[in-house]
Amino acid sequence: MPAKRASRPTARPSIDESSLAATAQAAVAPRPEAASPDAYRRRPRQSRGQARVELLLDAAAAVIAEHGLQAATAEAIALRARTAKGSLYQFFPNRDAVLAALALRYADEMRAIHERAFPVDPHGLPLDRLIDRIVKPLAEFHDTHPAFRRVFATVEGPGDDTRSAPTRLRAQLFDSFVDRLDVLFSARNPKLTTRDRRRIALVAASLGQSLLARRGRAVAADKKPLLDDLRRILLAYLQPVLEPLEAKTTGRPKVQTKAETKAAPTTAPKKR
């Protein structure tokens, strides 16, 4: 039999600005192979059961925020939820499954923040306002969810263990955030190479993650200064690459200030 001809590779179309939103959506889509195992023993089907699950997750978050991750035992969670321990085991096989479900809820909320924070068209915003648009909602999320950092600091367990679910979710969230920054930076400065753009996105995301985590452990008086420092650091780091000098010096003519106009030498017309 004659050998089959290999199909020719099709050229990939270039991405214009109108397709940036679709590109970002595809870039941050959850990876099926990284999905966490089901943390539930039995998923609630009625609103009453769902309300009980949410109560248990709220109780777990409160215990973790006040006393730490190790204190969040099944007994402590049930006690804080003012329910019997059997009610917890009705939906979850163990306390690690509760933490995995809590991590999943946090991840869903964080993805929603990412969706709102990243603009479809990033060209109309000054860089400092663009940074604020992304950083401030993340800081507010950390402030209103003090257990978030501790839940995602769970030590990784075996691949099929619910203890490893928060670790995998944390990695997915970070990778999707870097992907979003990559698409955003591509729109702001198309002249950046793929390698440079990815590196810059990785550094910016790492800076944000590190300082926001440090801010979460700081006393109240240091929270605003740390957030201001993060904004200044990101602006100083990103401005040279996302707002190149040539983009600033071309286009609009320079308008003289009043001081410059006053100081400018004037030449009187020559008398004939």
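Annotations
- Evaluation of PHE118 against (1) in contact with a helix residue (DSSP H, G or I) (Cβ under 9 Å, 6 or more places away or on another chain); (2) open to solvent by 40 Å² or more (accessible area, probe 1.4 Å) (one fails), failing number: (2)
- Test: residue in region 88-97 that is at pLDDT below 90 and of a type in the set (A, V, I, L, M): no
- Residue in region 223-235 that is in contact with a helix residue (DSSP H, G or I) (Cβ under 7 Å, 6 or more places away or on another chain) and not in a helix (DSSP H, G or I) present: no
- Residues of region 126-158 classified as in a helix (DSSP H, G or I), open to solvent by 20 Å² or more (accessible area, probe 1.4 Å) and of a type in the set (Gly, Ala, Ser), total: 0
- The lone exception for HIS123 - which of (1) open to solvent by less than 60 Å² (accessible area, probe 1.4 Å); (2) under 26 Å from VAL178 (Cβ atoms) it fails: (1)
- Among (1) open to solvent by 10 Å² or more (accessible area, probe 1.4 Å); (2) in contact (Cβ under 8 Å) with a residue 12 or more places away in the chain; (3) in contact with a Lys or Arg (Cβ under 7 Å, 6 or more places away or on another chain) - the single one GLU75 does not satisfy: (2)
- Qualifying residue in region 78-90 (condition: in contact with a Phe, Trp or Tyr (Cβ under 9 Å, 6 or more places away or on another chain) and either open to solvent by 20 Å² or more (accessible area, probe 1.4 Å) or touching a residue at least 24 places away in the same chain (Cβ under 8 Å) (or both)): no
- Region 36-72, residues that are at pLDDT 85 or above, open to solvent by 20 Å² or more (accessible area, probe 1.4 Å) and of a type outside the set (Asp, Glu): GLN50, ALA51, ARG52, LEU55, ALA62, ALA65, HIS67, LEU69, GLN70, ALA71
- Look at region 201-229: where a residue is without any contact (Cβ under 8 Å) to a residue 12 or more places away in the chain and open to solvent by less than 40 Å² (accessible area, probe 1.4 Å) and a partner is in a helix (DSSP H, G or I) and not β-branched (Val, Ile, Thr), sitting 6+ places away or on another chain with Cβ atoms under 8 Å, you get ALA218/LEU226.
- Any hit, region 176-191, residues being closer than 22 Å to HIS67 by Cβ, open to solvent by 40 Å² or more (accessible area, probe 1.4 Å) and among the charged types (D, E, K, R): no
The values are calculated or read from the model by the stated rules, or taken from the named source; none is laboratory data. The shown structure was predicted, so the numbers you read here are calculated from the model rather than taken from an experiment. Because the Cβ atoms are built from the backbone with ideal geometry, glycine has one as well, and the counts that use them run over all protein chains shown. For accessibility, only protein heavy atoms count, side chains too; no ligands or nucleic acids. Shrake-Rupley method; radii C 1.70, N 1.55, O 1.52, S 1.80 Å.
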